[in-house]
Amino acid sequence: MIEKAIARLQFLCDTIPPLLNAMDAQAFSAKPAPGKWSKKEVIGHLIDSAANNHHRFVRGQFEDMPFIRYDQNKWNEHNYYQQMDKAQVIAFWTIYNKQLLELIKRIPNNKLSNKVRTEGENGLTLQFLIEDYVVHMEHHLRQVVSY
């Protein structure tokens, strides 16, 4: 069911880290405008997305429609990505997404219709959340690097 998302996430885990590592550290940390995220902070946002979706992917298998949402700006601000070493941020993004890839591969098909609430709605299926996770990631990765 989610084979396309799995294949795409595998591609991203293999392709993106070398491209990010090749990027100039100053360019990676440069803010395009006041109040806007640097490329480093965009990758940090994707780490925060991984952390929150990790909860969704795990808890959604055994809890009855857990409510899991987050304030993306506060998470980014209080994770201090902008102040961290470029290599640390890239390594964390890489290993977290490899972990999620292995998790997603093992979610039983009968659990993919379980629902998780992310805002006030009635809930989204695990399958939708997994597929949307990869789409969301690619949207932001294209803001950071060409591939």
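Tabulated data
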| quantity | calculated |
| --- | --- |
| Filter pass, residue 15 being in a helix (DSSP H, G or I), under 17 Å from residue 146 (Cβ atoms) and either among the polar types (S, T, N, Q) or modelled with pLDDT under 95 (or both) | yes |
| Sole residue being within 16 Å of residue 17 (Cα to Cα), touching a Ser or Thr at 6+ places or on another chain (Cβ under 7 Å) and either exposed (fewer than 15 other Cβ atoms within 10 Å of the Cβ) or at pLDDT 95 or above (or both), chosen from 147, 96 | 147 |
| Residue satisfying condition, being in contact (Cβ under 8 Å) with a residue 60 or more places away in the chain, surrounded by 12 or more Cβ atoms within 10 Å (Cβ to Cβ) and more than 17 Å from residue 5 (Cβ to Cβ), within set 42, 134, 89 | 42 |
| Failed condition for residue 76, given (1) closer than 17 Å to residue 144 by Cβ; (2) over 18 Å from the mean Cα position of the chain (by Cα); (3) touching a residue at least 12 places away in the same chain (Cβ under 8 Å) | (2) |
| Any chance residue 89 is at negative phi and part of a strand (DSSP E or B) | no |
| The stretch 122-135, residues that are in a helix (DSSP H, G or I) and either touching a Pro at 6+ places or on another chain (Cβ under 6 Å) or not charged (D, E, K, R) (or both) | 126, 127, 128, 129, 130, 133, 134, 135 |
| Verdict on residue 31 being of a type in the set (D, E, K, R), part of a loop (DSSP other than H, G, I, E, B) and over 28 Å from residue 126 (Cβ atoms) | yes |
| Subset of the stretch 34-77 [among the β-branched types (Val, Ile, Thr) and in a helix (DSSP H, G or I)] | 42, 43, 47, 58 |
| Failed condition for residue 119, given (1) free of Cβ contacts under 8 Å to residues at least 24 places away in the same chain; (2) outside any helix (DSSP H, G or I); (3) exposed (fewer than 12 other Cβ atoms within 10 Å of the Cβ) | (1) |
| Lone unmet requirement of (1) in contact with a His (Cβ under 7 Å, 6 or more places away or on another chain); (2) closer than 30 Å to residue 34 by Cα for residue 100 | (2) |
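The values are calculated or read from the model by the stated rules, or taken from the named source; none is laboratory data. This structure is a prediction, so every number in the text was calculated from the model and none was measured. A quick note on method: Cβ atoms are made from the backbone with ideal geometry, for glycine too, and the neighbour counts reach across all protein chains shown.
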